[in-house]
1. R0 = 35 Å: FRET efficiency of L91 with A162, Cβ-based, nearest 0.05?
2. Could you run the Karplus curve 6.51 cos²θ - 1.76 cosθ + 1.60 with θ = phi - 60° over region 91-108 and give me ³J(HN,Hα) per residue in whole Hz, x for Gly and Pro?
3. Give me the net charge for the shell around D103: Cβ to Cβ below 12 angstrom, other residues only, Lys and Arg +1, Asp and Glu -1.
4. Simple spin-label model, 7 Å along Cα-to-Cβ: H99 to V126 in nm?
5. Would you tally the net charge around M75, using a Cβ to Cβ cut-off of less than 15 Å, leaving M75 out, and scoring K and R as +1, D and E as -1?
6. Collect residues whose amide H, placed 1.01 Å from N in the peptide plane, falls under 5 Å from the amide H of D67; neighbours closer than 5 in sequence don't count.
7. Where does the charge balance sit around V128 when Lys and Arg score +1, Asp and Glu -1, over other residues with C-beta under 15 Å from its C-beta?
Amino acid sequence: MRPGVLVCGAAVVSLATCSLANSAELTPAARVSSTLWSWNGGFGFHGGGGYGRTSFTDPYGPSIYGDIVNTPIFMAGGQIGYNWQSNGWVLGAELDVSHAVSDSTNSCIAFSGNVVIATCKAGPNVFVTGTARVGYTFGAQGRTLTYVKGGAAWQNNRGSIANNDEFHDDGSPGFP
């Protein structure tokens, strides 16, 4: 039994010595700041792009071309708001305003019989949203925010129809 105790004692001394030697050679670990990440804030800018479709209704019946104008857009704008953080909870309100650059055209409002073609133009030019947010932070320093957001949105669209003057007075009934 004595040799077993001696072997265990030697193993403990050996491990203790190795760990003391190794710990003296290690550099101290980087310290994590005790301050939490702050989600308080005020304003910002944004930009982006999108794609939409505008449909026109043909008063003379079904259209040959589909009465659809595709509207790719580029937009830029800003937002103003504020987030209030208390412990892990974040409450916020925000107003966004964007100006859109989009001007698309298509041949539309055409019907068979006497073919009438008009040029339809469409495009959004202003987007506005107002939202409120409630969330909670988690992670090592509170850098991750999960939230629920709700609000209202408004969009201003431009649209016009230009008749290509193809209503000829040829005596056909039903033409203006």
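1. After rounding to 0.05, the efficiency reads 0.10.
2. Each residue's phi maps through the Karplus curve to give 10, x, 9, 8, 10, 10, 10, 10, 9, 10, 10, 7, 8, 10, 10, 7, 6, 8 Hz.
3. +2
4. Spacing of the two 7 Å Cα→Cβ label points: 1.2 nm.
5. Cβ neighbours under 15 Å give a net charge of -1.
6. Placed amide hydrogens put I109 under 5 Å from D67.
7. Local net charge: -2.
Every read-out reported here was derived from the displayed coordinates using simple, explicitly stated rules and does not represent laboratory data. As the structure is a computational prediction, the values presented were derived from the model and not from experiment. Cβ coordinates were reconstructed from backbone atoms using ideal geometry, including for glycine residues, and neighbour counts include every protein chain displayed.
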